[in-house]
Amino acid sequence: MERETLQGMSATINLRQRIGDLTRTALLAAQDGGALPSFEVPADVPVEQSRHAAHGDYSTPVCMGLARLLRRAPLQIAQIVAQHMPAAPSIARVDVAPPGFINFTLEPTWVASTVGAILAAGDSWGNIALGKGARVQVEFVSANPTGPITIGSARNAVIGDVLASVLTAAGYTVEREYYVNDAGSKVRNFGASIFARYGALFGVDVPFPEQGYPGAYVTDLASKARDNFGRRYLEAQDRDSAVRELGQWGIQMILETVADDLAALGVHFDTWFSERSLYDTGLFDEILAKLRAGGFVVEHDGATWFRHSDLEKDAVLIRSADVIPNPEDRPTYLASDIPYLWNKLVERKFDRAIYVWGADHHGDVPRVQAAAKALGLDVNRLVFIIYQMVTMLRGGEEIRMSKSSGEFITLRELVDEVGPDPIRFMMLTRTVDVTLDFDLDLAVEQSDRNPVYYVQYAHTRISGVLRRAMEAGWDVSSKGDLSLLTHPSELGLIRKMLAYPEVLTVAAQSLAPHHLTTYATELASAFHAFYRDCRIVSSEPDEAELTRARLVLAQAAQIVLARVLRVIGVATPDRM
């Protein structure tokens with residue numbers, strides 16, 4: 001069990017774990033003393049924060065889960081366990097409540113003393129070793145490189161990037177990856193679109209493809225091609241090769257823009273993985289052969305299909321030559337997804353591969369999972385985060401867009417208009433499984449209604465307090481007597497600060513980064529209440545020690561607030 005002394009406090013004080021360990025010790029002690037019969041005590045005891053102050057700070061329902069096993073009333077079990085609870089400096093009182101809860105109230109003096117531990121830990125406060133260095137890949141955004149990245153990818157980018165940061169803070173070794181769809185018919189149509197506009201710049205009439213890309217950015221690319229290559233592609237003897245080469249060049253141009261636009265949002269990737277490489281290296285052929293050998297590939301209707309008992313119907317891998325003449329355009333997305341997952345789990349040996357996909361890809365999940373099983377891979381190493389779309393609002397009205405028609409707002413335009421911080425924070429204010437409304441007017445509003453402004457203002461307010469204290473001659477580096485922190489708003493703020501490691505643990509275990517924005521808002525609210533209720537810097541001589549203690553508390557609060565904001569990827573301003 002984690003040591004109960006302040007000397008035992010390192011960069012993390014996980015109270016849920018600590019109370020769970022105390023409860024487990026009590027269960028074992030009750031067994032040893034004969035008060036409870038022999039049974040396998042759960043390794044992890046569930047512990048939750050209490051919703052009402054009358055129920056203490058934390059509570060465990062473990063006794064209710066044991067009632068059937070022990071054939072006793074849960075309240076009776078709870079009373080026995082509470083009687084065997086070991087003493088701990090962090091716990092002031094242990095109570096039992098119907099129908100079988102054990103409630104824990106923290107010791108106020110101990111709570112106040114933890115401020116020193118937070119301050120001493122500094123930027124390492126809240127670090128947890130949940131991942132133990134396991135290698136995790138988070139693949140996200142991965143928008144088709146046939147046009148500028150639009151605001152439709154903003155939620156994907158934020159979810160993936162913050163999730164990667166959460167896992168890093170939780171002790172995993174994380175790599176961020178962008179999967180580049182640079183193969184297939186879309187790339188061909190993209191190249192043909194550029195070629196048509198390119199020809200027009202030289203007065204050559206080239207038919208625009210039916211499924212082409214009509215946006216103005218294509219004309220811009222054609223102008224760059226003219227400036228860089230002159231008439232080279234118009235004079236090429238092989239028109240198909242010229243279109244293909246121009247398309248690949250256009251993709252590289254788009255990817256450079258995409259990388260810049262994502263960087264403006266604070267998103268960077270370790271790897272840009274080419275779909276085309278799956279075919280060029282022969283991996284696709286190798287994996288297709290494995291599937292054939294296992295009886296998972298069938299031929300009918302002129303096409304090649306993937307068949308698995310987990311699927312209701314066969315899934316196309318390679319489309320019929322009668323439908324799509326060009327062999328490079330026949331493989332489907334699934335045909336690439338299968339060797340790609342092999343590359344992730346086998347060739348690059350990631351312990352877990354996380355995909356961040358929009359709701360329109362929901363139907364692809366069972367096919368990829370079935371493919372993993374067909375290849376003998378542990379499907380539990382694949383994790384799919386399916387998020388719902390975002391509705392953009394301006395003046396209370398929805399902004400409608402269509403990438404196929406060329407009518408869209410780019411991500412860069414959104415960043416330039418509202419800044420990266422509101423985007424990153426507001427995209428995480430809802431769980432991924434619900435549609436999110438992004439109010440452009442609210443995003444730039446400097447008021448408490450704007451959630452990121454409200455949280456950042458707490459950080460700014462702390463900086464202002466410390467700055468004014470130093471100007472008044474206070475030594476903010478002095479430790480102060482933390483036992484003087486007894487006001488309910490002081491203790492409420494500290495309790496909220498202590499919850500950060502628990503929140504990070506939950507976010508990492510559930511792969512749900514929205515917990516961080518909820519916590520950041522609650523922490524900011526707790527500080528604002530402390531600022532309102534407690535005069536931090538007093539001019540009264542007899543309150544000098546209290547001032548020092550409150551300045552220490554303010555610094556610790558800023559450390560925790562900065563920690564969570566940095567994981568979210570939001571700035572921590574000293575002035576606003």
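A cut-off of 5 Å between modelled amide H atoms, ignoring neighbours fewer than 5 places along the same chain, links Phe438 with Thr391, Met392, Leu393.
For Arg400 and Gln509, a Förster radius of 56 Å and the Cβ-Cβ distance give a FRET efficiency of 0.90, rounded to the nearest 0.05.
Set the bar at 25 Å for Cα to Cα. Now go through Lys290/Lys313; Lys132/Lys344; Lys186/Lys224; Lys186/Lys373; Lys344/Lys373; Lys132/Lys479 and name every pair that lies beyond it. Violating the 25 Å limit, Cα to Cα: Lys186/Lys373; Lys132/Lys479. Per-residue Karplus couplings for the range 119-134, computed as 6.51 cos²θ - 1.76 cosθ + 1.60 with θ equal to phi - 60°, are listed in order as 5, 5, 6, x, 5, 8, 4, x, 4, 10, 10, 4, x, 6, x, 4 Hz, Gly and Pro entered as x. Computed about its Cα centre, the charge dipole of the range 47-188 is approximately 520 debye, with only Lys, Arg, Asp and Glu carrying charge at their Cβ.
For the range 553-570, backbone phi angles converted through the Karplus equation (6.51, -1.76, 1.60; θ = phi - 60°) give residue-by-residue couplings of 4, 4, 5, 5, 4, 5, 4, 5, 4, 5, 4, 6, 5, 5, 5, 5, x, 9 Hz, Gly and Pro being listed as x.
Convex hull volume of the Cα atoms of the range 159-299, normalised per residue: 179 Å³. Working from label points 7 Å from Cα in the Cα-to-Cβ sense, the Glu445 to Ala321 distance is 6.2 nm. Projecting label points 7 angstrom from Cα along Cα→Cβ for Val383 and Arg348 puts them 1.6 nm apart.
Remark on the range 6-106: Rg and Dmax equal 13.2, 42 Å (Cα only). Rounded to the nearest 20 debye, the dipole magnitude of the chain is 960 debye, with +1 charges on Lys and Arg beta carbons, -1 on Asp and Glu beta carbons, and the Cα centre as origin. Full extension of the segment from Arg71 to Arg93, taken as 0.36 nm per residue of separation minus the current Cα-Cα distance, would add 5.2 nm.
Annotation for the range 440-504 versus the range 202-273: alpha-carbon center distance of 49 Å.
Ranked by the mean number of other Cβ atoms within 10 Å of their residues, highest first, the peptides 499-508, 482-491 fall in the order 499-508, 482-491.
Per-residue packing, averaged as other Cβ atoms within 10 Å, sorts the ranges 301-310, 545-554, 466-475 into the order 545-554, 301-310, 466-475, beginning with the highest. The phi-based Karplus calculation (6.51 cos²θ - 1.76 cosθ + 1.60; θ = phi - 60°) puts the 3J(HN,Hα) values of the range 479-485 at 6, x, 8, 5, 5, 7, 7 Hz, whole numbers, x for Gly and Pro. Quick check: Cα centre of the range 280-329 to Cα centre of the range 34-68, how many Å? Comparing the Cα centres of the range 280-329 and the range 34-68, I get a distance of 52 Å.
Stretched out straight at 0.36 nm per residue, the stretch from Leu255 to Ser477 would grow longer than its current Cα-Cα span by 75.1 nm. Under 5 Å between amide hydrogens, which residues at least 5 positions from Ala183 or on another chain qualify, with H placed 1.01 Å from N in the peptide plane? Under 5 Å from the amide H of Ala183: Arg276.
Net length available on complete extension from Glu107 to Leu393 is 98.2 nm, with 0.36 nm assigned per residue and the Cα-Cα distance removed. Restricting the calculation to Cα atoms, every distinct pair contributes to the Kirkwood radius of the range 507-558, found to be 12.8 Å. The simple Förster model, with R0 at 22 Å and r as the Cβ-Cβ distance, assigns Ala236 and Thr271 a FRET efficiency of 0.10.
Note on Ser538 and Ala43: their simple-model spin labels are 5.1 nm apart, each label 7 Å out from Cα toward Cβ. Per the Debye formula with a single identical scatterer at each Cα and no solvent contribution, what log10 I(q)/I(0) holds for the chain at q = 0.07 Å⁻¹? Log-scaled intensity ratios, in q order: -0.56. Computed from the Cβ-Cβ distance with R0 of 30 Å, the FRET efficiency linking Lys313 to Ala129 stands at 0.10. Close amide H pairs (under 5 Å, H built 1.01 Å from N) link Thr150 with Leu411, residues at least 5 positions away or on another chain. For the chain, the longest principal axis of the C-alpha atoms and the axis of helix 364-374 are separated by about 90°. As a rough footprinting exposure proxy, the listed residues Ile13, Ile102 were ranked by other beta carbons within 10 Å of their own, and the order from fewest upward is Ile13, Ile102.
We did not get these values from a lab; they are worked out from the coordinates using the rules stated. Remember, predicted model here, so these are calculated numbers, not experimental data. As a convention, Cβ positions derive from the backbone with ideal geometry for all residues, glycine included, and neighbour counts pool all protein chains shown.
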